[in-house]
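Structure, as structure tokens:
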Amino acid sequence: MNKEIDKIKEKVAQLEKKLLDPAVQKDKQKLKDISQKYSRLKEKLNYLEEIEKIDKLILKTKPLLLDKELSQIAQEEINNLEKRKKELLEKINPKSEKKEKKIIMEIRAGAGGEESALFASDLFRMYSRFAQKKGWDIRILDKSQSDLKGFKEIVFSVQGKGVWENLKYEAGVHRVQRIPETEKSGRVHTSTASVAVLDIPEEKEIEIKPEDLKIDTFRSSGHGGQNVQKVETGVRITHLPTNIVVTCQTERSQYQNKMNALNLLKARIKQKILSSQEKQTINQRRSQIGQAKRAEKIRTYNFPQNRVTDHRINKSWHNLEEILQGELEDIIESLKKADTSNK
């Protein structure tokens, strides 16, 4: 395994050099392809290194099986390690290659007025840069900007391998504590923005009848040249049984906006169904990480203290600027481990 790890490390180092090449950075398609390859290899490297540590721990624990007092504890520890190793091996060599997943994320400004909208914009930039590092494709479906170019609301899709497994933990209320750009007296303000992470259901999972839909078109207000502004490319769909309304207007094609709107509608209907089911079984449900409702505060970004705290696991990081630039790996991995231990 050491040889395989060394080979992958060498490939990762080569790809890192390519990603820094100005010529590659100018070629969006090449940058995306190399980023995806880099992300896959980096992920495999992390798994192999963890397997190597597990093997060493198993070897270290096996002699304790001969100790009568410690043998039971040692066997339990070995069983847990072997179970984790099996999970990692399945991730490295999946039985069937899953197609890339697509999810929809929504960020909405909350309490705090203009500052909240600016914070929503910061969160969108954070997820965009995290997606770029992962080699994922991100597309804006709808947005509403504030006077200072923040976002009152922004809806976007993220597509790629592992998007749901990584981003599902971001759902909930995010809180920021900082001195706003508009604050003249230097006081720290607290503002919030809510994040929703919607899983787009499979075709057979949510059935929508054409007669249940009211579809309106309108002239898009976004950028995109004459076609976007003079032709009714924007689409608004109302699902009559649930009264859910979705809007998409960022594509130049009315057909593409309609397809995006239907995906968003299906995702919101699925979320509504799941929320209803969850309410019925709330007394039986375990507390779960990554399924926080919008009314729940999940994370605080404290600028004066250069601190980001995730309240679900009561853990803090002191590299706030790097996190807002897309360095989310440590936070997400901590949430994954906590989630696994709670199951």
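Which one of Gln325, Gln229, Gln291 is in the same structural domain as Leu141 (by TED's automatic domain parsing) and either at pLDDT below 80 or on the phi > 0 side of the Ramachandran plot (or both)?
Within the list Gln325, Gln229, Gln291, the selection yields Gln291.
Go through segment 294-311 and give me each residue that's at pLDDT 90 or above and under 21 Å from Arg108 (Cα atoms).
Ile298, Arg299, Thr300, Tyr301, Asn302, Phe303, Val308, Thr309, Asp310, His311
Out of Gln29, Gln14, which single residue is exposed (fewer than 14 other Cβ atoms within 10 Å of the Cβ) and under 24 Å from Glu329 (Cβ atoms)?
Checking each option against the conditions leaves just Gln14.
Restricting segment 17-26 to residues that are of a type in the set (A, V, I, L, M, F, W, C) and surrounded by 10 or more Cβ atoms within 10 Å (Cβ to Cβ), which is nearest to Gly135 (Cα to Cα)?
Leu19
Which one of Ala74, Ala23 is touching a Leu at 6+ places or on another chain (Cβ under 6 Å) and not assigned by TED's automatic domain parsing to the domain that holds Gly160?
Ala74
Looking at this structure, is Glu115 of a type in the set (D, E, K, R), in contact with a His (Cβ under 9 Å, 6 or more places away or on another chain) and modelled with pLDDT of 90 or more?
When the stated conditions are applied, Glu115 passes them.
Looking at Arg175, Arg125, which one is assigned to a helix (DSSP H, G or I) and either aliphatic (A, V, I, L, M) or at negative phi (or both)?
Arg125
Out of Ser341, Ser316, report the one residue that is at pLDDT 85 or above, out of contact with any helix residue (DSSP H, G or I) (no Cβ under 9 Å at 6 or more places or on another chain) and either small (Gly, Ala, Ser) or exposed (fewer than 13 other Cβ atoms within 10 Å of the Cβ) (or both).
Ser316
Out of the residues in segment 137-150 meeting the condition of being free of Cβ contacts under 8 Å to residues at least 40 places away in the same chain and surrounded by 18 or more Cβ atoms within 10 Å (Cβ to Cβ), tell me which one is farthest from Ser191 (Cα to Cα). Talk me through it step by step, then tell me what you get.
If we filter segment 137-150 for residues that are free of Cβ contacts under 8 Å to residues at least 40 places away in the same chain, which is where we start, we get 138, 144-149.
So of that shortlist, the ones also surrounded by 18 or more Cβ atoms within 10 Å (Cβ to Cβ) come out as 138, 146.
Details: Ile138: 26, Ser146: 15 Å.
Per the criteria, the residue is Ile138.
Does Ile5 qualify as being in contact with an Asp or Glu (Cβ under 7 Å, 6 or more places away or on another chain), closer than 30 Å to Val163 by Cβ and either in a helix (DSSP H, G or I) or of a type in the set (Lys, Arg) (or both)?
So Ile5 fits the description; yes.
Can you tell me which of Lys98, Lys3 is closer than 30 Å to Ile200 by Cα and modelled with pLDDT under 85?
Step by step, each of Lys98, Lys3 is checked, and only Lys98 is closer than 30 Å to Ile200 by Cα and modelled with pLDDT under 85.
Condition (residue is under 24 Å from the mean Cα position of the chain (by Cα), assigned to a loop (DSSP other than H, G, I, E, B) and among the hydrophobic types (A, V, I, L, M, F, W, C)) applied to segment 103-114: is it met by at least one residue?
yes
The values are calculated or read from the model by the stated rules, or taken from the named source; none is laboratory data. Computed from a predicted structure; not experimentally measured. Every residue, glycine as well, gets a Cβ built from its backbone with ideal geometry; the counts of neighbours run over all protein chains shown.
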